[in-house]
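As structure tokens, the structure follows; a few thoughts come after it.
Since every read-out is calculated from the coordinates, none of them should be taken as a lab result. For clarity, every value in this text was computed on a predicted model and none was experimentally measured. No Cβ is skipped: glycine too gets one built from the backbone with ideal geometry, and neighbour counts run over all protein chains shown.
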Amino acid sequence: MENSIIFGPIPSRRFGMSLGIDLSPKIKQCNFDCLYCELDGSKTVSKQDKNDILSVQNIIKKLKDALNEHKNIDVITFTANGEPTLYPYLSILIDEVDKIKGSKKTLILSNGANIYKKDIQDTLLKIDMVKLSLDCISKECFKKLDRINSSIECQKIVPGMIEFQKKFKNQLILEILFVKDLNDKEIELELLYQNIKKISPNRVDIGTIVRPPAYDVKPVDYNFLEYTANKFENLPVVITHSNKIKNLQSFNQDEIQTLLKRRPLTYEDIDNTFDADSKKRLYDMLDQGKLKAILNNNITFIKTDI
Ligand code: SF4
């Protein structure tokens, strides 16, 4: 147990070299029991079991050791075998990490279920990058897909996110994981789009199941993710997925311009949709100044210059 409190370094394309802090290293403790979870399915909890609560002192000691060993860390990530905001000393821990992190950024990966609680908002306001899941808007979907603990008032999650983002000075990233025949229905997509516009996050990552899920559910295909990214007009959407899911197509110059007018693309999007000739065509257009590359929240987007 002791060794697994700190894990990594793990290279992340979006956040750099990350050192993770697992706030529940011994057992899964989550207020969701998502069908797609890569951990085993388990009964939900509303707070961490007091027998399994780590001391801040212990975590900081392990973190200091790891930071001494690894000098190239960009980000310290608060995470858990489950939900990190269930850790009762999170606020104090963040303050202690801030004292030793130097120029490194802090990041939390949370399912967002507690964001409407004032103490959790105040705690997360102290973090540099907050990544929250939002797979569903309707109560039915939350119950079916995320299988939420009965203590969660899911209708308060979006208002909580809106309120949090109004106060937050740093980066808020939302993540939607799509599961076939569950949250991929048009009605849920429309609800997600309308509500995410109100939240106004700095980035929206959309993806699907990659690793073996806890329950028998299936991923959506790449075309669906692309359709969704196009539907979520004017939102900074990034499609994240396994490189195995590719849909390589051929595009001429006009088609590339039309495509980019509709939606700026990341290098990952290009790798997953453009065949080799089309990729070369796009990079030539970039060299000729017909397209431009723009950095937005650590991600490069290719846009049309017209
Ligand atoms: S919130 Fe994360 S850890 Fe919890 S059940 Fe869902 S996927 Fe698993």
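Assorted remarks:
- Gain on full extension, evaluated as 0.36 nm per residue between Ser46 and Lys61 minus their Cα-Cα distance, stands at 2.6 nm.
- DSSP-defined beta bridges in the chain - what % are antiparallel, rounded to 5: 35
- The range 78-233 - convex hull of the alpha-carbon atoms, volume per residue in Å³: 126
- Between the range 90-108 and the range 1-74, the Cα center-to-center distance that results, in Å: 14
- Alpha-carbon centroids, the range 279-300 and the range 248-275: separation in whole Å: 11
- Phi-based couplings in Hz for the range 226-238 (Karplus 6.51, -1.76, 1.60; Gly and Pro marked x): 5, 4, 5, 4, 6, 5, 7, 3, 6, 9, x, 8, 10
- Stokes-Einstein D in µm²/s, Kirkwood radius over Cα pairs - the chain at 25 °C with 0.890 mPa s viscosity: 120
- Percent of Cα pairs exceeding the 16 Å cut-off, where the set is the range 194-261: 59
- The alpha carbons of the range 144-291 occupy a box of 55, 39, 25 Å along the principal axes, longest dimension given first.
- Only Lys, Arg, Asp and Glu carry charge here, each on its Cβ (+1 for the first two, -1 for the last two); on that basis the chain has a dipole of about 700 debye about its Cα centre.
- Ranked Val56, Val237, criterion: other C-beta atoms within 10 Å, fewest first: Val56, Val237
- Here the residues His70, His241, ranked from fewest to most Cβ neighbours within 10 Å of their Cβ, fall in the order His70, His241.
- Distance in nm between pseudo-label sites at Tyr215 and Asn230 (7 Å out along the Cβ direction from Cα): 3.2
- Per residue, the convex hull spanned by the alpha carbons of the range 246-306 comes to 76 Å³.
- Rounded, prolate or oblate (a/c below 1.5 giving rounded, otherwise prolate when a/b exceeds b/c) for the range 1-121 by Cα gyration tensor: prolate
- Note that the range 192-207 has calculated 3J(HN,Hα) couplings of 4, 4, 5, 6, 5, 4, 5, 6, 6, x, 6, 7, 10, 8, 10, x Hz, one per residue in order, obtained from phi through the Karplus relation 6.51 cos²θ - 1.76 cosθ + 1.60 (θ = phi - 60°); glycine and proline are x.
- Nearest 10 degrees, 0 to 90: helix 276-287 Cα axis against the chain principal axis: 90
- Mean projected area (nm²) of the alpha-carbon convex hull when the range 98-165 is viewed from all directions: 5.0
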